[in-house]
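Reviewing the structure listed below.
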Amino acid sequence: MKHASFPLWQEKDWIEKSEQSLKGKKVEQLINRTYEQIKLKPLYFKKEQHGSQFPGVPDYRRGIDSYIDQKQPWRIAQTIQASTANELKDKIEAAIKGGQTAVSFSVQEDISYQSIFEEFADRFPICVHTKKSQQSKLVSELCSIKEISDVQGFIATDPLAQLASDGYLREPVNAVYDELATNIQITSQKFPELKTILVDTSPYHNGGANAVQEIAISLASAVFHLEELSNRNIPIETILSKYIFHFSIGANFFMEIAKLRAARMLWGEIVKAYGGSKENQKMVISARTSTFTKTVYDPYVNLLRSSNEAFAAVIGGVQYLHVSPYNELEGNGGEFSERMARNTQLILKEEALICKTHDPSGGSWYIEELTDEIANKAWELFIQIDDSGGMLSSLVDGEIQSQLSKVLENRKNDSFTRQQSIIGTNIYANLQDQPLKFSVQQKVTPEDVAIKIPELKQTRLSEPYENLRRMSEKLEQKPVVGVICIGGVKQFKPQADFVAGFLAPGGIVTEKSEETDSWKQIQKYIDSSNYSTYCLCGAYGEFEEWGLSIVKEFQAIYPEKRLYLAGLPEHKDVWLQTGVKGFFHRKSNCYDSLLSLLTEMEETTHA
């Protein structure tokens, strides 16, 4: 027995066995195509790998920490907001006591941060994203502290990301990079470990970008920074040592892991092409959980979303991480939600012990192949951007915005047809839920700008449905659809429940009738409820003839009211000709149906 072994199965054996369990269905039928135009297969097999087998060595897909040494835990860098320096100091101290391991804050124009640097800069990494002239101000305040020299972390800025997010720059591009170059020269002398060049992909992520586009844009932005700064007589190695990359982490768990791995691979190749050292080939990554995926309604689901995204980030090998509080869309999260966000990282670190293992996803045939596919596609897109004149030119021409808008439309269409679920928003919507207090900020472009580009709208996937809920809340009468239940419970309940779930994302309530088996009972229910809209539910295959007669009676007696049918019958044209307004079924465009229904109800109210 000790010499016995299992037979070695080949790829065809696994396919054959899988198709047996699928009862004749082909494995190819289970292939899905992602927004990156990558085919996700149901089965993956071992392939020859040409990249690094160990963490800490090129091509760095497995991380930048050497496998020989103990893995360095990522820094918990929750961004703290405060209106005064003293308030910020108190909040940082409380956060550090609660487990935070980096000092990260949102910069306010009228606050001096010198006291913050004096208190914390020599003990914790500084993690600050800056805009406009904020970087110069912070670097100046940091330099005024004589006793501090060993400052870790980043005070970094990305002019291109600012341009993409705001749609304009007040200062000419040359002036912006002149200021950045000055800050690099200052920090290189006094704070050699402090990074000052940011490559921020969040504006593109929030514009709908897929993983391939995010990586390609990050590389194109990084190369544009490099070319601009090298023209200002800064040594290449000095520039490369100052980079920090920032990614938003979305909902597709394995795709986001592979995205971070592929980004490291490609950046290492670019640095190598510029003659950079192996140390500078290592991409340092800051990350945050996505704003694009968060919702105003059923906000506690945001906790689950952020946890999933944070998990992907640390598996993917980030160095700094911010987990957004579940109510971040309100502006200032609050003590409770901020603690919950920070504790999400602590659970991953101290209980899941992810920080103890180098590249936990390494060796997964699925993730390794996905990493290679993303890297190949991202490199092709990066070359296209470069051939088109580079990142700035592509933003000015609107080419980047055009590419991202196509992906965004695909994402929206999938959410409209509910192929993409948004829990608590387009599916399992809770009509008793209290939404976050969120107001849309109108973007205003000043007249005196140096450069302006076509808009890259910063959005969230749930916004169209949230607008439907607001639309329903503004109606003078609560929107209700009466559900006419035909036959027994077994006949109508599945469809009645489906209709309730289908209409809830629009804030529309359903009220079911009693079991009915005659027009007289139906008429009694309609007269007593007196709604403007009704939906017929039942096993229409069993009551088609009688159902059509119900529609005729309904149209004759209640011509001002609307009648829909649950499900999609085989002879739908007959139902439409008889007087049915439309159908609620699993292939319906839920968003369009709800928008049309609410518009009709609004017109009825104002009639």
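Readers should treat all values here as calculations from the given coordinates under stated rules, not as data from a laboratory. Note that the structure is predicted; figures quoted are calculated from it, not measured. Note that each Cβ is placed from the backbone with ideal geometry, even for glycine, and that neighbours are counted across all protein chains shown.
Brief remarks follow.
- Amide hydrogen neighbours beyond the local backbone of LYS512, cut-off 5 Å, H modeled: VAL483
- Annotation: the chain has a Kirkwood hydrodynamic radius of 27.2 angstrom, from the mean reciprocal C-alpha pair distance.
- Signed unit charges on C-beta, dipole axis of the chain, positive-most listed residue GLY507, PHE191, PHE224: GLY507
- Ranked packing of 67-74, 358-365, 432-439, most packed first, by mean Cβ within 10 Å: 358-365, 67-74, 432-439
- Of the residues GLN81, ALA378, ALA175, the one whose Cα sits farthest toward the positive end of the charge dipole of the chain, with +1 on the Cβ of Lys and Arg and -1 on the Cβ of Asp and Glu, is ALA378.
- Stokes-Einstein D for the stretch 228-291, Kirkwood Rh over Cα pairs, 20 °C, 1.002 mPa s (µm²/s): 165 µm²/s
- Sorting 177-187, 467-477, 240-250 by their mean Cβ neighbour count within 10 Å, with the most densely packed peptide first, gives 240-250, 177-187, 467-477.
- Charge dipole (Cα centre; +1 on Lys/Arg Cβ, -1 on Asp/Glu Cβ; no other charges) of the chain amounts to roughly 1260 debye.
- Hull volume in cubic angstrom per residue (convex hull over the Cα atoms of the stretch 475-606): 99 Å³
- Cβ charges +1 (Lys, Arg) and -1 (Asp, Glu), total dipole of the stretch 475-606, debye: 180 debye
- Rg/Rh (Cα only; Kirkwood hydrodynamic radius) as it applies to the stretch 237-349: 1.06
- Counting Cα-Cα pairs of the stretch 1-128 in 5 Å increments starting at 0 gives whole-percent bin shares of 2, 8, 11, 10, 8, 8, 9, 10, 9, 7, 7, 5, 4, 2, 1, 0.
- Each helix, a run of at least 4 DSSP H residues, gives -39500 (n - 2.57); summed and divided by the residues of the chain, these come to -14000 deg cm²/dmol at 222 nm.
- Centroid-to-centroid separation of the stretch 446-523 and the stretch 232-247 [C-alpha atoms, Å]: 51 Å
- Placed amide H near HIS246: partners under 5 Å, 5+ positions off or other chain: VAL199, ASP200, THR201, SER286
- The alpha carbon centroids of the stretch 328-367 and the stretch 30-104 are separated by 9 Å.
- Ranking THR533, TYR60, GLY333 by how far each Cα lies toward the positive end of the dipole of the chain (charges on Cβ) leaves TYR60 at the top.
- The chain: angle of helix 335-346 to the longest principal axis, Cα-based, in degrees nearest 10: 70 degrees
- Sparse-neighbour loop sites [chymotrypsin sites (Phe, Trp or Tyr not before Pro); the stretch 267-310; at most 14 other C-beta within 10 Å; DSSP]: TYR300
- Sorted by Cβ neighbour density within 10 Å, fewest at the top, the residues ASP573, ASP298: ASP573, ASP298
- Packing, taken as the mean count of other beta carbons within 10 Å per residue, orders the peptides 345-357, 220-232, 499-511 from highest to lowest as 499-511, 220-232, 345-357.
- For the chain, DSSP calls about 10 percent of its internal beta bridges antiparallel.
- Table column - 3J(HN,Hα) (Hz), the stretch 454-465, Karplus curve with 6.51, -1.76, 1.60, x for Gly and Pro: x, 5, 10, 5, 8, 9, 10, 5, 7, 4, x, 5
- In plain terms, the bigger the Kirkwood radius, the slower the diffusion; for the stretch 75-404, with that radius from Cα pairs, at 25 °C and 0.890 mPa s, Stokes-Einstein puts D at 122 µm²/s.
- Across the stretch 395-541, Cα-Cα pairs more than 19 Å apart make up 66 percent of the total.
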